[in-house]
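Reviewing the structure listed below.
The values are calculated or read from the model by the stated rules, or taken from the named source; none is laboratory data. Given the structure is predicted, the values throughout are model-derived calculations rather than measurements. Please note: Cβ atoms are built from the backbone with ideal geometry, for glycine as well, and neighbour counts cover all protein chains shown. Ligands, DNA and RNA are excluded from the accessible area calculation, which covers all protein heavy atoms including side chains. Shrake-Rupley method; radii C 1.70, N 1.55, O 1.52, S 1.80 Å.
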Amino acid sequence: QKEVEQNSGPLSVPEGAIASLNCTYSDRGSQSFFWYRQYSGKSPELIMFIYSNGDKEDGRFTAQLNKASQYVSLLIRDSQPSDSATYLCAVSTGFQKLVFGTGTRLLVSP
Amino acid sequence: EAGVTQSPTHLIKTRGQQATLRCSPISGHTSVYWYQQALGLGLQFLLWYDEGEERNRGNFPPRFSGRQFPNYSSELNVNALELEDSALYLCASSLYSQADNEQFFGPGTRLTVL
């Protein structure tokens, strides 16, 4: 079992819709959870982090964490074509090590 | 505020050679991390340096090594290059004192081994 799992996609949504990206992790001791966005040929850009159960909102983005289910999600409201990218889920398993999923490719069509 | 910088942008080497990649962290950040992103694979953790010391290492052979200098910049060395070392190498930095471990990435060095 991979430590951090994501559906590779692509996830296709129309402009203006809500995109829902999901991530599961295996280490119950994981403490911090991150979402990065990576455009093709570019480096990852931090969007949000969350470390408490529940929701965390930042503009059009909402991160959701359920430690009991070992599940993290990212919701993007009012999706724009510029949101088309690969979204990486990362989990901090301790000792400053981030474990990344392989990413979900999101395509937002005009 | 300047972000993480890396050099060179691209590096082409032949099998068996050595490669040296460089990284400068965000000003004030003391921790530097190295990741490998091979085609079709996720980011794989390579090394973490803080205050000049190697603090953690991923599942990579010893021919992957590095160091951190007194100004917190870092160097990644890959010896005896193999074809499968071709990848994007990303450097990230953070404040070690920050419990949530936000890491900020540089633009990467694309290493091609022929």
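Answer yes or no as to whether B:Leu41 is part of a loop (DSSP other than H, G, I, E, B), at negative phi and within 10 Å of chain A (Cβ to nearest Cβ). Break it down stepwise before answering.
Working: part of a loop (DSSP other than H, G, I, E, B): yes; at negative phi: yes; within 10 Å of chain A (Cβ to nearest Cβ): yes.
Answer is yes for this residue.
Any idea which residue in region B:25-38 is surrounded by the most Cβ atoms within 10 Å (Cβ to Cβ), counting only those that are of a type in the set (Ser, Thr, Tyr) and within 14 Å of chain A (Cβ to nearest Cβ)?
Taking the candidates together, the pick is B:Tyr33.
Any idea how many residues of region A:25-38 are open to solvent by 60 Å² or more (accessible area, probe 1.4 Å) and either at pLDDT 95 or above or in contact with a Phe, Trp or Tyr (Cβ under 7 Å, 6 or more places away or on another chain) (or both)?
1
What do you reckon, is B:Val78 among the hydrophobic types (A, V, I, L, M, F, W, C), touching a helix residue (DSSP H, G or I) at 6+ places or on another chain (Cβ under 9 Å), on the phi < 0 side of the Ramachandran plot and at pLDDT 95 or above?
yes
Listed residues A:Ser8, A:Ser20, A:Ser30, A:Ser40; which is farther than 30 Å from B:Gln6 by Cβ and either part of a strand (DSSP E or B) or among the small types (Gly, Ala, Ser) (or both)?
On the way: A:Ser8 fails: farther than 30 Å from B:Gln6 by Cβ; A:Ser30 fails: farther than 30 Å from B:Gln6 by Cβ; A:Ser40 fails: farther than 30 Å from B:Gln6 by Cβ.
None of the other options fit; the residue is A:Ser20.
Hey, does region B:20-35 have a residue that's at pLDDT 95 or above and of a type in the set (S, T, N, Q)?
yes
Output the strands (runs of 3 or more DSSP E) that fall wholly within region B:53-114 and possess 2 or more residues being away from chain A (no Cβ under 14 Å) and farther than 19 Å from A:Pro44 by Cβ, or say none.
B:64-68, B:74-78, B:109-113
Of all residues in region B:13-29, count the ones that are among the polar types (S, T, N, Q), part of a strand (DSSP E or B) and closer than 15 Å to B:Ala87 by Cα.
Adding up the residues that qualify gives 1.
What are the residues in region A:85-100 that are open to solvent by 30 Å² or more (accessible area, probe 1.4 Å) and more than 13 Å from the chain's Cα centre (by Cα), if any? Show your work before the answer.
At the first step, the residues of region A:85-100 found to be open to solvent by 30 Å² or more (accessible area, probe 1.4 Å) are A:86, A:93-95, A:97.
The answer is A:Thr93, A:Gly94, A:Phe95, A:Lys97.
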